[in-house]
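A.B. asks: Before I ask anything, here is the structure I am working with.
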Amino acid sequence: MFRLLSFFALAAVALQTAAQSLPPIYDKTPKAIRHATVLAEFPPQTFLENIALDKSGNMVINSYLDGKVYKIDQAGNKVEWSTVDGKIAGLLVNQDGSAFVSGWIKGSEPTVFAIDASGKSEVFAKLEQGMFPNGMLRLNAKDILVVDSYKGVIWRIDTKTKQVSTWLKDALLERGDSNNPTPAVNGIKSYHGDVYLSNTAKQTLLKVTVQKGEAKSIKVVMDQIGLDDFDFDHQGTLYGATHVYNSVVSVAQNGKVTVIAGLEEGMAGSTAVATRIKGKRTTLFVTTNGGMSLPPAGGVQTANVVKLDVSE
């Protein structure tokens, strides 16, 4: 049985050992640094993993290692909204104020938890064949998708029957090297009906063509792109957290990559991005873990929730 704590210890050692050997994919990337505001801070060694916005514009954020879910308003006021009996990675907020999170019961059993609008959590569906449930996406009114970063598959869960099935399995979703603790398929988002995925281990961005709710094809649309979770704006610009590269990048539809925030903007261990569009103003909200996976010079920092104004 996959054990999260063993994984985390292994990953930390492996990534720190590789500190001087990260591919220099962003060394020559143009920069256009955006104005950043740290909305909330959490103590060092807090692994903020994922972020989504609810219909009121509040940020919903999960804390990986302690199974906590927080709500943070636009002024940065935070409250602990829910807790699950385990560890959590993926997050999906529903229109009715409820949510799903993916993770492990007591750190060992791959599971999807349901959280009602009041914050009460319960086990929703166990992923009996799962290993590392991670990013989540609503496919349609009935089905949700859960990526599995070690199994190299995308699970489909019917939210009416709680039946779990394989939506997509492909070598492009896998790590390639099972000794590499870095997650493979990781972030998942939809844009114009297609599903986009980051493979962090292989440093690729993938596109899945979807027809009538089924995955019809998958291809690499970018390589040498180090992404954890990401999001799109209405124009199709991708904004991605680079995690061990301590930055946020934008990727234009023509493929141009730009670094828009770095360590000085509070991006040590950037993990996830959520986009808010109001009129002509685009705002990003970013979570970090302070560099827990690969500490920057000076050591692990506070875990941050950062607002970036990316409007032109």
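A.B. asks: Name every residue in the range 291-312 that is outside any strand (DSSP E or B), within 30 Å of GLN235 (Cα to Cα) and open to solvent by less than 20 Å² (accessible area, probe 1.4 Å), in order of residue number.
C.D. replies: Listed by number, the list holds a single entry, VAL310.
A.B. asks: Would you point out the residue of the range 199-255, among those that are of a type in the set (Ser, Thr, Tyr) and either out of contact with any Asp or Glu (no Cβ under 8 Å at 6 or more places or on another chain) or part of a loop (DSSP other than H, G, I, E, B) (or both), that is nearest to LYS280 (Cα to Cα)?
C.D. replies: Across the range 199-255, the extreme among qualifying residues is THR237.
A.B. asks: Could you tell me whether any residue of the range 176-188 is of a type in the set (D, E, K, R) and modelled with pLDDT of 95 or more?
C.D. replies: no
A.B. asks: Which one is surrounded by the fewest Cβ atoms within 10 Å (Cβ to Cβ), of the residues in the range 96-114 that are under 16 Å from LEU65 (Cβ atoms) and of a type in the set (A, V, I, L, M, F, W, C)?
C.D. replies: Result: ILE105.
A.B. asks: For the range 140-167, which positions are more than 15 Å from GLY90 (Cα to Cα) and not basic (Lys, Arg)?
C.D. replies: Residues satisfying the conditions are ASN140, ALA141, ASP143, GLY152, ASP158, THR159, THR161, GLN163, VAL164, SER165, THR166, TRP167.
A.B. asks: Then there is this: Out of curiosity, is LEU127 in contact (Cβ under 8 Å) with a residue 40 or more places away in the chain and either open to solvent by less than 50 Å² (accessible area, probe 1.4 Å) or under 19 Å from VAL185 (Cβ atoms) (or both)?
C.D. replies: no
A.B. asks: Going through the range 205-232 one residue at a time, which ones are acidic (Asp, Glu), open to solvent by less than 10 Å² (accessible area, probe 1.4 Å) and free of Cβ contacts under 8 Å to residues at least 60 places away in the same chain?
C.D. replies: Once the filter is applied, which keeps residues that are acidic (Asp, Glu), open to solvent by less than 10 Å² (accessible area, probe 1.4 Å) and free of Cβ contacts under 8 Å to residues at least 60 places away in the same chain, the range 205-232 yields only ASP228.
A.B. asks: A follow-up question, please. Would you please name the residue that is nearest to the chain's Cα centre (by Cα), looking only at residues in the range 72-83 that are hydrophobic (A, V, I, L, M, F, W, C) and under 13 Å from ILE61 (Cα atoms)?
C.D. replies: Filtering first and then ranking leaves ILE72.
A.B. asks: Something else about it: What is the number of the single condition among (1) in contact with a Phe, Trp or Tyr (Cβ under 8 Å, 6 or more places away or on another chain); (2) surrounded by fewer than 16 Cβ atoms within 10 Å (Cβ to Cβ); (3) not aromatic (Phe, Trp, Tyr) that ALA117 does not meet?
C.D. replies: So the condition that ALA117 fails would be (1).
A.B. asks: Follow-up. So, in the range 174-198, exactly how many residues are outside any loop (DSSP other than H, G, I, E, B) and open to solvent by 50 Å² or more (accessible area, probe 1.4 Å)?
C.D. replies: Matching residues across the range 174-198 total 1.
A.B. asks: If you don't mind, another one. Please verify whether the range 238-251 includes one or more residues that are closer than 23 Å to LEU172 by Cβ and more than 16 Å from the chain's Cα centre (by Cα).
C.D. replies: Yes, the conditions are met somewhere in the range 238-251.
The values are calculated or read from the model by the stated rules, or taken from the named source; none is laboratory data. All figures in this text were calculated on a predicted structure; none of them were measured in a lab. Neighbour counts are summed over all protein chains in view; Cβ atoms, including those assigned to glycine, are modelled from backbone coordinates with ideal geometry. Note: areas computed on protein heavy atoms with side chains; ligands, DNA, RNA excluded. Shrake-Rupley method; radii C 1.70, N 1.55, O 1.52, S 1.80 Å.
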